[in-house]
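Take a look at the structure set out below.
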């Protein structure tokens, strides 16, 4: 009688070494990056407030603000400051586009696997393309 009993599946935890080989779908990648971009924007909020304050206070503070991106500040080279600003640009663009994606899916009740995949790929492509475009402007390529 016990020979006909179906065995239950055994599930194991994914170990840290297996994480690198695990392939997430694009929607999973967008979801994780949405959280990372939100955290990055939160952590860089003092930098954003400093940029806003120095860019709007006076002409002298604006000149000092723009000089930081050329000469650097507090031992950090200007290129590193530009990279931090570029990271902030990516975080904002990705978080905004992924947020619009979620709002659109909620409003239209679009929950199919194919549509989730295509909107996730579109989110990744748009955020990276716009970041590259604004990064080219930030680094003076046009």
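Bear in mind that the values in this text are calculations on the coordinates, not laboratory data. Here the structure is a predicted model, which means the values were calculated and not measured. In this analysis, Cβ positions are derived from the backbone assuming ideal geometry, glycine residues included, and neighbour counts consider all displayed protein chains.
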Review point. How much length is gained if the chain between residue 13 and residue 139 is pulled fully straight, taking 0.36 nm per residue apart and subtracting their Cα-Cα distance, in nm to one decimal?
Key: 40.9 nm
Revision key, fill the gap. Subtracting the Cα-Cα distance of residue 41 and residue 64 from 0.36 nm times their residue separation yields 5.9 nm
**Study point:** Angle between the chain longest axis and helix 59-71 axis [Cα atoms, degrees, rounded to 10]
**Key:** 60 degrees
Check your understanding: Between residue 132 and residue 49, how many nm apart are label points set 7 Å from Cα along the C-beta direction?
Key -> 3.6 nm
Revision key, fill the gap. Given 5-11, 127-133, the highest-first ranking by average Cβ count within 10 Å works out to 127-133, 5-11
Review point. Using only helices, what value at 222 nm comes out for the chain when you add -39,500 (n - 2.57) per DSSP H run of length 4 or more and divide by the total residues, to the nearest 500 deg cm²/dmol?
Key: -24500 deg cm²/dmol
Check your understanding: Given 0.36 nm per residue, what is the gain on full extension from residue 113 to residue 86 after removing their alpha carbon distance, in nm?
Key -> 6.5 nm
Revision key, fill the gap. The helix 78-108 Cα axis meets the longest alpha-carbon principal axis of the chain at an angle in degrees, between 0 and 90 and rounded to 10, of 50 degrees
